[in-house]
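Heads up: the structure comes next, in structure tokens.
The values are calculated or read from the model by the stated rules, or taken from the named source; none is laboratory data. Computed from a predicted model, the values in this text were never measured in an experiment. Here the Cβ positions follow ideal geometry from the backbone for every residue, glycine too, while neighbour counts run over all protein chains shown. We work out accessible area using only protein heavy atoms, side chains counted, and drop any ligands, DNA or RNA first. Shrake-Rupley method; radii C 1.70, N 1.55, O 1.52, S 1.80 Å.
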Amino acid sequence: KHNREILTVIGGAHVTVLPTSVMRDCNVDIGIIGEGEETVVELLSTVERGQALKDVKGIIYRQGEEIITSESRPMIKDLDLLPFPARHLLKGNYIWSVPGEGLIPVTTVLTQRGCPFSCVFCSAGIVSGRQVRYRSVTNVVDEIEHIITEFGIKYFFFADDTFTLDRERTIEMCAEIKKRNLKVSWDCT
């Protein structure tokens with residue numbers, strides 16, 4: 001609104017589920033539909049080179065008054081290939097009230113994406129797909145160990161839509177945390 005030279009980009013569940021209405025109702029230039037890790041890298045590279053947006057998969061954008069949706073981008077199959085979040089860029093910690101421990105630093109960890117269910121009140125299956133894709137237990141516990149070492153955070157919220165969907169995997173993850181002698185607390189959804 002104040003400077004048309006600024007490129008505005010939006011992502012997340014809302015634009016993924018209702019891309020056209022978001023673009024119609026919001027003052028943004030580009031929406032990222034679905035998982036954004038690969039899309040945003042391709043998008044920024046395309047913009048930096050001054051190329052047309054039409055070949056960037058997984059976006060909706062304005063071209064004059066027209067709203068254009070590009071070809072969809074496939075879901076990321078191997079979640080272990082994604083780097084850990086750049087938590088070092090955060091200013092301060094999130095604080096959470098943990099029973100018996102008081103207010104302590106907390107961070108979220110995602111161990112899987114997707115949900116096989118079709119609950120009418122939830123966008124998880126639409127946003128992350130119906131096929132559940134898991135990070136390896138080793139990769140998840142490596143991230144937990146990294147967070148403890150680098151940030152001193154020992155309380156984790158597993159923000160997966162269906163963390164306990166695979167009971168054996170949940171038990172395996174707990175066993176790996178215990179095997180590495182990581183003193184942590186956590187909860188999940």
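Only one of SER97, SER185, SER123 is among the small types (Gly, Ala, Ser), over 30 Å from LEU43 (Cβ atoms) and surrounded by 14 or more Cβ atoms within 10 Å (Cβ to Cβ). Can you tell me which?
Details: SER97 fails: surrounded by 14 or more Cβ atoms within 10 Å (Cβ to Cβ); SER123 fails: over 30 Å from LEU43 (Cβ atoms).
Going through SER97, SER185, SER123 in turn, the sole match is SER185.
Identify the residue in region 99-128 that is part of a loop (DSSP other than H, G, I, E, B) and among the β-branched types (Val, Ile, Thr) and, among all such residues, is nearest to LYS154 (Cα to Cα).
Filtering region 99-128 for residues part of a loop (DSSP other than H, G, I, E, B) gives 99-101, 110-111, 114-123.
Within this subset, residues satisfying the condition of being among the β-branched types (Val, Ile, Thr) are 111, 120.
Details: THR111: 17, VAL120: 35 Å.
Among residues in region 99-128 that are part of a loop (DSSP other than H, G, I, E, B) and among the β-branched types (Val, Ile, Thr), the one nearest to LYS154 (Cα to Cα) is THR111.
Can you give me the number of residues within region 129-147 that are open to solvent by 70 Å² or more (accessible area, probe 1.4 Å) and part of a loop (DSSP other than H, G, I, E, B)?
So the answer is 2.
Would you check if GLU150 is farther than 30 Å from THR20 by Cβ, open to solvent by 80 Å² or more (accessible area, probe 1.4 Å) and in a helix (DSSP H, G or I)? Full working, then the answer.
Working: farther than 30 Å from THR20 by Cβ: yes; open to solvent by 80 Å² or more (accessible area, probe 1.4 Å): yes; in a helix (DSSP H, G or I): yes.
Considered against the rule, which asks whether it is farther than 30 Å from THR20 by Cβ, open to solvent by 80 Å² or more (accessible area, probe 1.4 Å) and in a helix (DSSP H, G or I), GLU150 comes out as yes.
Are there any pairs with C-beta distances below 8 angstrom linking a residue in region 22-48 that is more than 20 Å from SER123 (Cα to Cα) to a residue that is part of a helix (DSSP H, G or I) and of a type in the set (D, E, K, R), with the two at least 6 apart or on different chains, and if so which?
Close Cβ pairs satisfying both conditions: THR46/ASP55.
Please return the ranges of helices (runs of 4 or more DSSP H) entirely within region 1-76 where 2 or more residues are touching a helix residue (DSSP H, G or I) at 6+ places or on another chain (Cβ under 6 Å). So that I can check it myself, show each step before the final result.
Numbers: elements: 13-17, 19-25, 37-48.
The helices (runs of 4 or more DSSP H) meeting that bar are 13-17.
Pairs needed: first member in region 169-187, closer than 14 Å to GLU143 by Cα; second member anywhere, part of a loop (DSSP other than H, G, I, E, B); C-beta distance under 6 Å; at least 6 residues apart or different chains.
Between residues of region 169-187 that are closer than 14 Å to GLU143 by Cα and residues that are part of a loop (DSSP other than H, G, I, E, B), the close pairs are VAL184/LYS154.
Name the single residue, out of those in region 3-16 being among the aliphatic types (A, V, I, L, M) and open to solvent by less than 60 Å² (accessible area, probe 1.4 Å), that is farthest from ILE60 (Cα to Cα).
Taking region 3-16 as the starting set, the residues that turn out to be among the aliphatic types (A, V, I, L, M) are 6-7, 9-10, 13, 15.
Then keep just the ones that are open to solvent by less than 60 Å² (accessible area, probe 1.4 Å); that gives 10, 13, 15.
Numbers: ILE10: 10, ALA13: 14, VAL15: 9 Å.
Among those residues, the one meeting the criterion is ALA13.
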